[in-house]
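Every number in this text was worked out from the coordinates using simple rules, so none of it is lab data. Quick caveat, the model's predicted, so the values are computed rather than measured. For neighbour counting, all protein chains shown are included, and Cβ atoms are generated from backbone atoms with ideal geometry for every residue, glycine included.
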Amino acid sequence: MPAYLDTLNAKFPGAFTTSTFRDNQRVVVSAAEALRILVPLLKCLKEECKFDMLAELGGIDYLNYPGATDRYGVVYGLTNIATGERVFVKAFANDPDPELPSVVELWRGADWMEREVFDMYGVKFTGHPDMRRILMPHEFTAHPLRKDYPLRGRQPLVKEREIGDIYRGPGPVGRD
């Protein structure tokens with residue numbers, strides 16, 4: 001068992017589970033515990049266990065997934081730059097208002113990654129300094145990577161405007 005798991009077990013006994021897939025060690029935090037321990041757990045991994053780089057942050061929708069008990073997962077991929085060791089922390093959130101605490105205070109680079117997860121899946125990050133859409137237009141009301149989003153989903157946004165001649169650009173009125 002990696003040394004950082006001993007540290008986490010001592011500080012957060014019974015608050016998470018672990019699993020291994022190939023060479024990847026995973027720390028899994030349930031939806032019931034995520035709001036309470038996610039930030040302290042990640043802070044411990046960063047400051048005490050030296051996982052100083054947030055390499056990735058992404059969302060998962062577990063709707064209709066066999067055996068899934070929670071709807072949304074957010075995965076934090078951490079790297080210890082000195083040793084190259086990696087750990088993945090998976091935290092869960094549920095409908096009707098999925099939310100997790102923001103980690104922007106720990107890793108400034110989480111800013112846009114959290115906004116992307118919010119935009120695509122609808123998971124809100126409490127304490128985020130600028131929680132607004134980053135990929136979809138502001139007027140868009142759905143979250144297109146949710147599994148319950150219609151496959152042929154179309155959403156009228158704003159009234160289309162006439163572009164005119166796309167090769168020559170706008171010109172004087174009455175130009176041929």
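Tabulated results
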read-out: Under-5 Å amide H pairs with Met53, H placed in peptide plane, nonlocal only; value: Thr79, Ile81
read-out: Rounded to 10°, Cα long-axis angle of helix 31-47 versus longest principal axis of the chain; value: 80 degrees
read-out: Relative exposure of Phe140, Phe88, Phe125, judged by other C-beta atoms within 10 Å (fewest first); value: Phe140, Phe88, Phe125
read-out: Volume of the Cα convex hull of the range 1-114, divided per residue and given in Å³; value: 109 Å³
read-out: Residues with amide H under 5 Å from that of Tyr62, placed H, sequence gap 5 or more; value: Tyr72, Gly73
